[in-house]
1. Failed condition for Asp173, given (1) out of contact with any helix residue (DSSP H, G or I) (no Cβ under 7 Å at 6 or more places or on another chain); (2) closer than 26 Å to Ala42 by Cβ; (3) surrounded by 19 or more Cβ atoms within 10 Å (Cβ to Cβ), with all others met?
2. With respect to Glu102, determine if the residue is within 16 Å of the chain's Cα centre (by Cα) and either farther than 27 Å from Thr56 by Cβ or open to solvent by 20 Å² or more (accessible area, probe 1.4 Å) (or both).
3. So which pairs qualify, if the first residue must be in the stretch 39-66 and over 19 Å from Ile95 (Cα atoms) and modelled with pLDDT under 95, the second must be assigned to a helix (DSSP H, G or I) and open to solvent by less than 30 Å² (accessible area, probe 1.4 Å), the Cβ gap must be under 7 Å, and the two must be at least 6 apart or on different chains?
4. Tell me, yes or no, whether the stretch 16-37 has at least one residue that is open to solvent by 30 Å² or more (accessible area, probe 1.4 Å), at pLDDT below 95 and either aromatic (Phe, Trp, Tyr) or closer than 30 Å to Met198 by Cα (or both).
5. Filter the stretch 130-146 for residues that are free of Cβ contacts under 8 Å to residues at least 40 places away in the same chain and not in a loop (DSSP other than H, G, I, E, B); which is farthest from the chain's Cα centre (by Cα)?
6. For the stretch 57-90, enumerate the residues that are among the hydroxyl-bearing types (Ser, Thr, Tyr) and within 17 Å of Gly110 (Cβ to Cβ).
7. Name the one entry in Ser153, Ser189 that is farther than 22 Å from Asn76 by Cβ and either open to solvent by less than 10 Å² (accessible area, probe 1.4 Å) or without any contact (Cβ under 8 Å) to a residue 12 or more places away in the chain (or both).
8. Please go through the stretch 167-186 and give me each residue that is touching a residue at least 40 places away in the same chain (Cβ under 8 Å) and part of a helix (DSSP H, G or I), ordered by number.
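The values are calculated or read from the model by the stated rules, or taken from the named source; none is laboratory data. Keep in mind the model is a prediction, meaning the values are calculated, not measured. Reconstructed Cβ throughout: ideal geometry from the backbone, glycine too, with neighbour counts over all protein chains shown. With ligands, DNA and RNA removed, areas are computed over all heavy atoms of the protein, side chains included. Shrake-Rupley method; radii C 1.70, N 1.55, O 1.52, S 1.80 Å.
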Amino acid sequence: MKNTSRRNFIRTAVAAAAGSMIVTPALAGMAAKKSPFKISLAEWSLHKTLFANEMTNLDFPRVAKEMGITGVEYVNQFFKDKAKDQSYLAELKKICKNEGVESVLIMCDGEGMVGHPEKAEREKTLENHKKWIDAAKFLGCHSIRVNAGSQGSFEEQQKLAADGLRMLGDYGDKQKINILVENHGGWSSHGEWLAGVMELADHKRGGT
């Protein structure tokens with residue numbers, strides 16, 4: 001993304017996010033300094049711009065910093081073929097370091113059903129997520145985000161999702177990476193169901 005078009009995009013994006021309030025980068029930075037909380041930006045917030053090829057995943061940390069945000073949450077589909085590309089990940093890590101931006105987590109989609117009824121498929125899903133756990137470790141993230149999709153009854157899906165999350169948690173523990181579940185459709189958007197899954201999984205690396 002060219003500097004001029006990026007600046008225009010940032011002004012538009014920040015203004016849209018703030019409604020009718022105009023926020024300058026200086027004000028955004030001041031707000032971040034005064035806040036007792038650290039704010040991170042989900043890459044999906046910019047999905048239309050990314051899909052339109054007006055910015056890339058490598059631009060994301062710079063764009064976040066220009067908005068006054070110093071934490072980034074990646075979406076795997078915006079660097080789908082780069083999970084094992086060490087030179088690409090090293091470049092992304094270097095950009096974050098230069099910008100003073102922290103890589104927080106990677107949101108993972110399209111890597112299989114965590115709570116698939118077939119054990120072999122759950123194991124395949126685990127294998128598919130390992131590369132993202134490894135990439136998260138390399139980038140300095142604390143977590144990956146997964147979806148707890150499954151099939152069957154309320155209780156069956158709880159047990160299956162919990163089993164898949166335990167497997168992911170065991171690998172995550174080796175890399176000191178947490179496995180977070182988003183309330184992202186299906187039963188995962190049902191608080192009681194998801195709370196039950198986390199109790200069944202009972203893993204120190206598991207969270208929501």
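1. Every listed condition holds for Asp173 apart from (3).
2. Working: within 16 Å of the chain's Cα centre (by Cα): yes; either farther than 27 Å from Thr56 by Cβ or open to solvent by 20 Å² or more (accessible area, probe 1.4 Å) (or both): yes.
So Glu102 fits the description; yes.
3. Close Cβ pairs (under 7 Å, with a partner that is assigned to a helix (DSSP H, G or I) and open to solvent by less than 30 Å² (accessible area, probe 1.4 Å)) do not exist here.
4. The answer is yes, given that some residue of the stretch 16-37 is open to solvent by 30 Å² or more (accessible area, probe 1.4 Å), at pLDDT below 95 and either aromatic (Phe, Trp, Tyr) or closer than 30 Å to Met198 by Cα (or both).
5. By that ranking, first place goes to Val146.
6. Initial filter on the stretch 57-90 (among the hydroxyl-bearing types (Ser, Thr, Tyr)): 70, 74, 87-88.
Tyr74, the sole residue that qualifies.
7. The match here is Ser153.
8. Met167, Leu168, Tyr171, Gln175, listed by residue number.
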